[in-house]
Amino acid sequence: MASALTDNRVVITGAAQGLGAALARAFADAGARLVLLDRDEAALKPLCAQTGAMCLPVDLSDASATQAAIDQMLAADPRVDTLIHNAAILVPEPLADLEFGMFRATLDVGIQAGYLLARAALPSMQRHGGAMIFVSSQSGIKGFAEETAYCAAKHALEGFSKSIALEEPGLVSCTITPGKAMHTPMSERNYTDDMKAQWVDPGLLAPAFLHIAKTRDPAFSGQRLNAWDIAQSLKGDIHA
């Protein structure tokens with residue numbers, strides 16, 4: 001039986017490892033056609049081979065390189081059904097030590113790349129519908145010491161997504177937080193021992209993203225969703 005996502009074209013950033021890689025595998029299993037973007041080409045290529053994805057190694061902090069990757073993606077097929085902007089940079093350091101280059105790169109990956117990708121996906125979604133899913137975190141609504149750049153990028157995504165939802169009622173635009181500490185390379189570097197004791201495999205969150213992409217529920221648009229809560233609510237639901 002075909003999945004509701006069979007042949008849907010799904011674009012995932014930060015796809016080489018962690019949550020992005022888990023989502024790539026889950027969407028591939030659901031029959032989606034994938035476009036995977038990440039700067040780690042060595043890790044990205046085996047995943048693309050495994051999932052049959054279009055592989056676009058790119059530094060998303062570089063606007064020109066990002067646009068070139070987008071142009072390549074659209075030249076192959078202008079359709080985008082789901083965009084998942086997951087890529088992020090988190091290098092904790094106080095403002096007094098934060099160099100402009102790192103601040104700029106963090107914002108460029110977080111919001112500049114989000115803008116470029118959303119603009120690229122918009123014409124297709126205006127014609128066919130779709131879902132833009134921006135991965136946020138507690139740093140999108142709270143401030144944390146030594147996270148000035150990361151918090152600024154995540155706060156920006158929250159407002160960006162809400163505004164798209166107001167402008168484009170024919171598609172879903174939402175942010176989503178993990179809702180649970182995840183075991184990823186980023187968390188290995190940054191989590192406390194207490195948080196590491198509670199972390200879960202990111203694959204457990206994938207059902208939430210699949211559900212948003214499948215249903216395109218208008219109630220999700222403009223919202224800040226919790227992936228863990230959605231995934232838990234779907235357990236045992238054969239229609240999830």
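The values are calculated or read from the model by the stated rules, or taken from the named source; none is laboratory data. Computed from a predicted structure; not experimentally measured. All Cβ positions, even for glycine, are placed from backbone atoms using ideal geometry, and neighbour counts span all protein chains on display.
T82 passes every criterion in (1) of a type in the set (S, T, N, Q); (2) surrounded by fewer than 21 Cβ atoms within 10 Å (Cβ to Cβ); (3) at pLDDT 95 or above apart from (2). Within region 20-27, can one find any residue that is surrounded by fewer than 19 Cβ atoms within 10 Å (Cβ to Cβ), under 16 Å from the mean Cα position of the chain (by Cα) and at pLDDT below 95? No, there is no match, as no residue in region 20-27 is surrounded by fewer than 19 Cβ atoms within 10 Å (Cβ to Cβ), under 16 Å from the mean Cα position of the chain (by Cα) and at pLDDT below 95. Of the set (1) free of Cβ contacts under 8 Å to residues at least 12 places away in the same chain; (2) of a type in the set (K, R); (3) over 19 Å from I12 (Cβ atoms), all apply to R104 but (1).
Would you pick out the residues in region 139-173 that are in a helix (DSSP H, G or I) and of a type in the set (S, T, N, Q)? Matches in region 139-173: S139, T148, S161, S163. Of all residues in region 134-156, those that are crowded, with 21+ Cβ neighbours inside 10 Å and of a type in the set (A, V, I, L, M) total 3.
Would you mind stating whether Q126 is over 18 Å from D7 (Cα atoms), in contact with a Gly (Cβ under 9 Å, 6 or more places away or on another chain) and in a helix (DSSP H, G or I)? Here the answer is yes, as Q126 does meet what is asked. Of the candidates K142, K162, K154, the single residue that is basic (K, R) and in contact with a helix residue (DSSP H, G or I) (Cβ under 6 Å, 6 or more places away or on another chain) is K154.
Residues in region 175-201 that are hydrophobic (A, V, I, L, M, F, W, C) and under 16 Å from G110 (Cβ atoms) were compared, and the one that is modelled with the lowest pLDDT is M186. A residue that is of a type in the set (G, A, S), touching a Ser or Thr at 6+ places or on another chain (Cβ under 9 Å) and at pLDDT below 95 occurs nowhere in region 115-132. Among the conditions (1) farther than 26 Å from Q126 by Cβ; (2) buried (at least 19 other Cβ atoms within 10 Å of the Cβ); (3) β-branched (V, I, T), V91 misses just one, which is (2).
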